[in-house]
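Q: Questions regarding the structure given below will be posed in turn.
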Amino acid sequence: MKILVLNSGSSSQKTALFEFGAGDLPDPALPIWERKLEWKGAEDRQSAAAEIIEELWGGSNAVIGSPSEISAVGHRVVHGGAKLTEPVVIDPSVKQSIADVSEIAPLHNQAALQGIDLVEKLLPGIPQVAVFDTAFHRTLPPHATVYPGPYEWFERGIRRFGFHGINHEYCAHRAARLLKLELSSLKIVTCHLGNGCSLAAIDGGRSVDTTMGFTPLEGLMMGTRSGSIDPGILTYLMRKGTSGDQLDSLLNHQSGLMGISGVSSDMRAVLKAADEENARAQLAFDIFTHRLKSGIAAMAASLGGMDVLIFTAGIGENSSQTRDAACAGLKFLGVSLNHDKNSSVDGDTDVSAADSKVKVLVIRAQEDWAIAQKCFALTSL
Ligand code: ADP
């Protein structure tokens with residue numbers, strides 16, 4: 001059974017094909033084919049994506065004979081809102097629900113809807129499954145869900161959802177397997193540090209706290225997003241004449257590593273500039289790791305302890321300096337790194353010191369594989 005995964009983001013689209021055979025697959029399994037498209041600006045995204053998908057069965061690099069070999073298509077959908085809390089086979093009412101919440105995550109949900117429409121055209125009749133970044137956090141308790149504004153906000157649907165759930169969940173399961181321990185016995189803090197950054201507190205496999213909220217803007221400092229700031233700044237700026245759209249752009253695109261360093265939203269470029277004694281790049285790194293450290297400790301407090309600390313996604317997997325700076329402040333929680341292992345990570349690696357009370361792991365994000373598995377589970381029955 002071949003499953004195609006479309007992971008449509010605001011700035012890129014990843015497409016991958018996985019093959020499920022009769023026997024057990026390695027977990028994670030590698031895709032038999034994958035492509036990544038980075039969006040540059042005003043290009044025609046649908047036809048660019050169509051061309052890529054058609055390469056699967058047409059042209060010299062074809063990996064399948066015809067589109068009918070694809071059994072199902074899985075889509076990453078960033079925001080499921082309050083209604084969509086499990087992977088689901090897409091029908092017109094599911095599409096409508098995805099469109100309804102796109103007000104809260106416009107860039108991401110619109111991209112997923114375009115991907116769904118494209119597959120309807122290219123592969124008519126093939127079952128499509130939506131897998132939500134919010135779904136894993138459906139177990140957040142009320143005190144981690146409701147904002148301390150007027151209660152009426154909650155009644156109107158303004159509440160915390162949390163994101164990156166597909167990868168937070170995958171990492172928790174992967175950690176239990178790597179450590180040969182029962183997931184149900186573990187208190188895990190996962191740090192998803194990519195362009196977007198969030199933490200999750202996972203107790204026995206269930207998400208009980210996370211740093212992102214109503215939108216993917218809350219919590220940690222990110223590539224171009226501010227993360228949490230004093231909401232008083234927003235009312236101050238609005239009174240001074242900044243519009244809602246301008247605030248949106250400032251907070252989502254002109255803040256974070258980019259906004260502080262003035263160099264780049266890319267951690268590699270920020271670290272390089274900091275090495276060259278660019279003070280603002282150094283400040284950006286210091287704010288990033290300061291907030292990361294406090295966030296990890298807050299997640300540990302929500303769990304009442306921490307057995308495993310996981311670093312994942314672009315920065316989490318590749319930046320030993322970020323892991324080092326975050327963990328240096330967490331000795332009081334029993335976190336201690338093996339510096340040799342931390343500086344030479346290759347694949348999923350235990351980087352904790354032998355005497356560390358907390359196991360510190362680096363785990364590669366495998367969102368597409370996680371989506372394919374959920375899609376397989378729903379459509380192979
Ligand atoms: P996305 O959220 O778009 O999936 P990724 O998980 O690919 O993003 O993460 C992108 C981030 O990873 C970028 O900020 C980039 O700077 C960072 N990154 C990638 N490689 C390295 C590296 N070797 N050192 C530091 N940061 C890195």
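The values are calculated or read from the model by the stated rules, or taken from the named source; none is laboratory data. Bear in mind the structure is a predicted one, so any value in this text is a computation, not a measurement. So basically every Cβ, Gly included, is an ideal-geometry build from the backbone, and we count neighbours across all protein chains shown.
Q: Do we find that residue 2 is touching a residue at least 40 places away in the same chain (Cβ under 8 Å), closer than 17 Å to residue 372 by Cα and of a type in the set (Lys, Arg) in this structure?
A: Yes, satisfied.
Matching residues to (1) within 28 Å of residue 223 (Cα to Cα); (2) in contact with a helix residue (DSSP H, G or I) (Cβ under 6 Å, 6 or more places away or on another chain); (3) in a helix (DSSP H, G or I):
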site: 176; (1), (2), (3): no, yes, yes
site: 181; (1), (2), (3): no, no, no
site: 184; (1), (2), (3): no, no, yes
site: 190; (1), (2), (3): yes, yes, no
site: 195; (1), (2), (3): yes, no, no
site: 198; (1), (2), (3): yes, no, no
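Q: Pull out all pairs, ordered by first then second residue, where Cβ-Cβ is under 7 Å, the residues are six or more apart or on different chains, the first lies in the stretch 85-112 and is part of a helix (DSSP H, G or I), and the second is surrounded by 17 or more Cβ atoms within 10 Å (Cβ to Cβ) and of a type in the set (D, E, K, R).
A: Short answer, once both residue conditions are applied: 112/76.
Q: Listed residues 294, 261, 302, 243; which is more than 17 Å from residue 164 (Cβ to Cβ) and touching a residue at least 12 places away in the same chain (Cβ under 8 Å)?
A: 261
Q: Please specify each residue of the stretch 11-48 satisfying the condition of being within 27 Å of residue 225 (Cβ to Cβ) and of a type in the set (A, V, I, L, M, F, W, C).
A: 16, 37, 39, 42, 48
Q: Something else: Quick one: which residue in 193, 250 is more than 16 Å from the ligand (Cβ to nearest atom) and either under 30 Å from residue 303 (Cβ atoms) or surrounded by fewer than 20 Cβ atoms within 10 Å (Cβ to Cβ) (or both)?
A: On inspection, the qualifying residue turns out to be 250.
Q: When the residues of the stretch 343-371 are narrowed to those that are farther than 30 Å from residue 76 by Cβ and polar (S, T, N, Q), which ends up surrounded by the fewest Cβ atoms within 10 Å (Cβ to Cβ)?
A: So the residue we want is 344.
Q: Look at the stretch 123-145 and say how many of its residues are under 23 Å from residue 51 (Cβ atoms) and surrounded by 16 or more Cβ atoms within 10 Å (Cβ to Cβ).
A: 3
Q: Then there's this: Kindly establish whether residue 56 is over 19 Å from residue 166 (Cβ atoms), in contact with a helix residue (DSSP H, G or I) (Cβ under 7 Å, 6 or more places away or on another chain) and either exposed (fewer than 13 other Cβ atoms within 10 Å of the Cβ) or at pLDDT 90 or above (or both).
A: Judged against the criteria, residue 56 is not a match.
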